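Chemist: This is the structure, below, for whatever I ask next.
Just so it is clear, none of the values below were taken in a lab; they were calculated from the coordinates. Treat the numbers as computed from the prediction; the structure is a model and nothing was measured. Note that each Cβ is placed from the backbone with ideal geometry, even for glycine, and that neighbours are counted across all protein chains shown.
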Amino acid sequence: MAHIIVIGNEKGGSGKSTTSMHVAVALARMGHRVGALDLDLRQRSLGRYIENRRAHVARKGLDLPMPEYLPLPEADPDALPEGANPLDLRFSAAMSELEPRSDFIVIDCPGAHTRLSQLAHALADTLITPMNDSFVDFDLLARIDPEIGPETVKVLGPSIYAEMVWAARQARAREGLKPIDWVVLRNRMGTQAMHNKRKVGAALEELSRRIGFRVAPGFSERVIFRELFPRGLTLLDLRDLGEASFSLSNIAARQELRDLLATLELPGVRVQV
């Protein structure tokens, strides 16, 4: 069976689609069969990213590894069983089509609490939650005391999103499936505000022990990610294309990606870091 990697976060702008694309392409470059779904039916950032890649490859005559992206098929309203949810059927049909020919399926979830997001989280073998490295985005995971002192942060309890993950874990346990490996990525970690960075890190470590996730460094804030999207490229493609191979920033960014893949500890994946 395919190993299902879900990238989930109920806040926009955290780097979900960038993370999804880089993980999917990195696995494809290693020779794995990779399927991809985009459950954000409005924005379709991952879907557009992969479509940009297809167009760029065709236009330039390139040979680049490509995840198999499958839009959710439409459901015929007249053919729906009574009481059936059309989103459930669309998602199930896409998964049934991708799974037999995939080693991994990467699912990019919308930045909102939706039915499709709930379904994906319940299927996740690995859940990656990117978050901007600040207390502005910390409430994605937990409620914190609004009277934050200068040196301490008091965590009051899990967020609605964390409770959704907990519900998904319970559902998997009832089905006898292995637990979700939940990894929280600290994205856009700047070089400034070191004191605040340490406070965020300490709060995440405390919360990780309470609700059961692993903390990992993600991607720093870099202009290169905005430049890659229109051509559907990833950091690992640049060396093959002879672009900016010796840029220290790009070298550091590629190392961040390798570190992420090593941290995920995906089955059958060996990463040279």
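Chemist: Tell me whether the range 1-123 comes out rounded, prolate or oblate; compute the Cα gyration tensor, take square roots of the eigenvalues as a ≥ b ≥ c, and use a/c under 1.5 as the rounded threshold.
Modeler: Values: a/c = 1.71, a/b = 1.50, b/c = 1.14.
Prolate.
Chemist: Per DSSP helix of 4 or more residues, -39500 (n - 2.57); summed, then divided by the residues of the chain. What does that give at 222 nm, rounded to the nearest 500?
Modeler: Roughly -13000 deg cm²/dmol at 222 nm, from the helical runs in the chain.
Chemist: For every other residue with a beta carbon closer than 10 angstrom to the beta carbon of Gly47, add +1 if it is Lys or Arg and -1 if Asp or Glu, then tell me the sum.
Modeler: Residues near Gly47 contribute -2 overall.
Chemist: To make sure I understand, if each residue's beta carbon is the centre and we count other beta carbons within 10 Å, what order do Leu116, Leu185 fall in, fewest to most?
Modeler: On the way: Leu116 21, Leu185 28.
Least crowded to most crowded, the residues run Leu116, Leu185.
Chemist: Subtract the Cα-Cα distance of Arg258 and Asp76 from 0.36 nm times their separation in residues, and report this length gain in nm to one decimal. Write out the running numbers ahead of the final one.
Modeler: On the way: separation 182, 0.36 × 182 = 65.52 nm, distance 4.26 nm.
Length gained, Arg258 through Asp76: 61.3 nm.
Chemist: First check a/c for the chain, with a ≥ b ≥ c the square roots of the eigenvalues of its C-alpha gyration tensor; if it is under 1.5, answer rounded, and if not, answer prolate when a/b is larger than b/c or oblate otherwise. It would help to have the intermediate numbers written out before the result.
Modeler: Details: a/c = 1.78, a/b = 1.07, b/c = 1.66.
Here the chain falls in the oblate category.
Chemist: Let's see if you can work this out: charge +1 on each Lys and Arg Cβ, -1 on each Asp and Glu Cβ, no other charges. What is the dipole magnitude of the chain about its Cα centre, in debye to the nearest 20? Don't skip to the answer; put the middle values down first.
Modeler: Working: 35 positive and 35 negative charges, 146 e Å.
Taking the Cα centre of the chain as origin, the dipole is about 700 debye.
Chemist: Could I ask something else about it? How high is the relative contact order of the range 1-103, in percent, counting Cα pairs under 8 Å that sit 6 or more residues apart? List each step's numbers first, then the result.
Modeler: Working: 93 pairs, mean separation 34.2, N = 103.
Over the range 1-103, the number comes to 33 percent.
Chemist: Using amide H atoms built in the peptide plane, which far-off residues or other-chain residues are under 5 Å from Val215 H to H?
Modeler: Val184
Chemist: Determine which aspartates and glutamates satisfy two conditions relative to Lys60: a Cα distance under 18 Å, and not lying fewer than 8 residues away in the same chain.
Modeler: By straight Cα distance, Lys60 reaches Glu51, Glu227, Asp237, Asp240, Glu243.
Chemist: Here's a follow-up. Hey, fewest Cβ within 10 Å first, where do Arg254, Arg239 land in order?
Modeler: Starting with the residue having the fewest Cβ neighbours, the order is Arg239, Arg254.
Chemist: Please give the length that would be gained between His56 and Glu97 if that part of the chain were fully extended, namely 0.36 nm times their separation in residues minus their C-alpha to C-alpha distance (nm, one decimal).
Modeler: Working: separation 41, 0.36 × 41 = 14.76 nm, distance 2.59 nm.
My answer for the length gained is 12.2 nm.
Chemist: Within the range 8-103, which GluC sites (Glu not before Pro) sit in a loop by DSSP and count at most 11 neighbouring Cβ atoms inside 10 Å?
Modeler: Values: sites: Glu10, Glu51, Glu68, Glu74, Glu82, Glu97; in loops: Glu10, Glu74, Glu82.
Passing both the DSSP loop test and the Cβ count: Glu74, Glu82.
Chemist: For Gln43 and Ala84, what is the calculated FRET efficiency with R₀ set at 35 Å and r taken between the beta-carbons, to the nearest 0.05? Provide the component values of the computation, followed by the final result.
Modeler: Working: r = 26 Å, r/R0 = 0.74.
Given R0 = 35 Å and the Cβ-Cβ separation, E is 0.85.
Chemist: For Ile144, list long-range residues whose amide hydrogen, built 1.01 Å from N in the peptide plane, is under 5 Å from its own amide hydrogen.
Modeler: Correct list: Leu156.
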